[in-house]
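To start, the structure under review is shown below, and the notes come after it.
The values are calculated or read from the model by the stated rules, or taken from the named source; none is laboratory data. Every value quoted in this text rests on a predicted model; they were computed, and no experiment measured them. Positions of Cβ are backbone-derived with ideal geometry, glycine not excepted, and every protein chain shown enters the neighbour counts. Side chains are part of the model used for accessible areas, which takes the heavy atoms of the whole protein and leaves out ligands, DNA and RNA. Shrake-Rupley method; radii C 1.70, N 1.55, O 1.52, S 1.80 Å.
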Amino acid sequence: MTKEEFIAAATAAARASSATSGFPPGVTVAQAAIESAWGNSGLAQAANNYFGIKARHGGEAVELPTLEYVDGAPVRIPAKFAKYASMAECFADRDRMIASLPAYQEARAAAADPEAFVCALARHWATDPGYAEKVLYLYRVHGLGRLDE
């Protein structure tokens, strides 16, 4: 999948999930691009999982290696990830998690400000200390803020 193809598909899924959640779709697209290597990661290909969402008890899952940061150092470990029927289902689940889990209260409160939303989200979404900056870089470079207007 090319970056342009990914952006087109992810934009449709992000707009659909944002219509319910109110979260900025441009941020969703940027985050999915980072997490899924523009839709080309093994997790995206095998499980329609574009955000590295871990499996929950009873749900369909796929086990793959992942990179986590422990005490600031990258470590590759195996993990079970949620499996989705489609990109749209994955994006909707991501928004549902942000809308309902207590850890994302600060992100919910910042939803009207995409950059503050990313910073608040990153504190709990990823272990990579540079995660927010990476998402914001793609958000800016690819003009994804236009989706949030």
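Across the stretch 102-129, the qualifying residues are those that are under 15 Å from the mean Cα position of the chain (by Cα) and part of a loop (DSSP other than H, G, I, E, B), and the one among them that is nearest to Y50 (Cα to Cα) is A126. Contact map, the stretch 2-28: first residue in contact (Cβ under 8 Å) with a residue 12 or more places away in the chain and charged (D, E, K, R), second residue surrounded by 15 or more Cβ atoms within 10 Å (Cβ to Cβ) and part of a helix (DSSP H, G or I), Cβ cut-off under 9 Å, separation 6 or more or different chains; pairs are K3/A33; R15/P25; R15/T28; R15/L147. If R96 passes every condition in (1) of a type in the set (D, E, K, R); (2) under 17 Å from A13 (Cβ atoms); (3) more than 13 Å from the chain's Cα centre (by Cα) but one, which one does it miss? Of (1) of a type in the set (D, E, K, R); (2) under 17 Å from A13 (Cβ atoms); (3) more than 13 Å from the chain's Cα centre (by Cα), only one is false for R96: (3).
Looking at this structure, is K134 in a helix (DSSP H, G or I), open to solvent by 20 Å² or more (accessible area, probe 1.4 Å) and touching a residue at least 24 places away in the same chain (Cβ under 8 Å)?
In short, yes.
Of all the numbered requirements in (1) open to solvent by 70 Å² or more (accessible area, probe 1.4 Å); (2) assigned to a helix (DSSP H, G or I); (3) without any contact (Cβ under 8 Å) to a residue 60 or more places away in the chain, P65 misses one, and that requirement is (2). Restricting attention to the stretch 36-57, does a residue exist that is in a loop (DSSP other than H, G, I, E, B), modelled with pLDDT of 90 or more, out of contact with any Cys (no Cβ under 9 Å at 6 or more places or on another chain) and of a type in the set (S, T, Y)? Among the residues of the stretch 36-57, at least one is in a loop (DSSP other than H, G, I, E, B), modelled with pLDDT of 90 or more, out of contact with any Cys (no Cβ under 9 Å at 6 or more places or on another chain) and of a type in the set (S, T, Y), which makes the answer yes.
When the stretch 86-107 is filtered for residues that are farther than 15 Å from S17 by Cα and of a type in the set (A, V, I, L, M, F, W, C), the ones remaining, listed by number, are L101, A103, A107.
Note down all Cβ pairs under 7 Å where the first residue falls in the stretch 108-119 and is farther than 20 Å from A19 by Cβ and without any contact (Cβ under 8 Å) to a residue 24 or more places away in the chain, the second is hydroxyl-bearing (S, T, Y) and in a loop (DSSP other than H, G, I, E, B), and they're at least six residues apart or on different chains. Between residues of the stretch 108-119 that are farther than 20 Å from A19 by Cβ and without any contact (Cβ under 8 Å) to a residue 24 or more places away in the chain and residues that are hydroxyl-bearing (S, T, Y) and in a loop (DSSP other than H, G, I, E, B), there is no close pair.
Within the stretch 44-61, is even one residue within 19 Å of T127 (Cβ to Cβ), free of Cβ contacts under 8 Å to residues at least 24 places away in the same chain and touching a Ser or Thr at 6+ places or on another chain (Cβ under 8 Å)? No, there is no match, as no residue in the stretch 44-61 is within 19 Å of T127 (Cβ to Cβ), free of Cβ contacts under 8 Å to residues at least 24 places away in the same chain and touching a Ser or Thr at 6+ places or on another chain (Cβ under 8 Å).
Inside the stretch 22-49, residues that are open to solvent by 10 Å² or more (accessible area, probe 1.4 Å) and closer than 14 Å to E89 by Cβ make up a count of 1. Can you say whether E89 is in a helix (DSSP H, G or I), among the charged types (D, E, K, R) and without any contact (Cβ under 8 Å) to a residue 24 or more places away in the chain, as far as the supplied structure shows? Answer is no for this residue.
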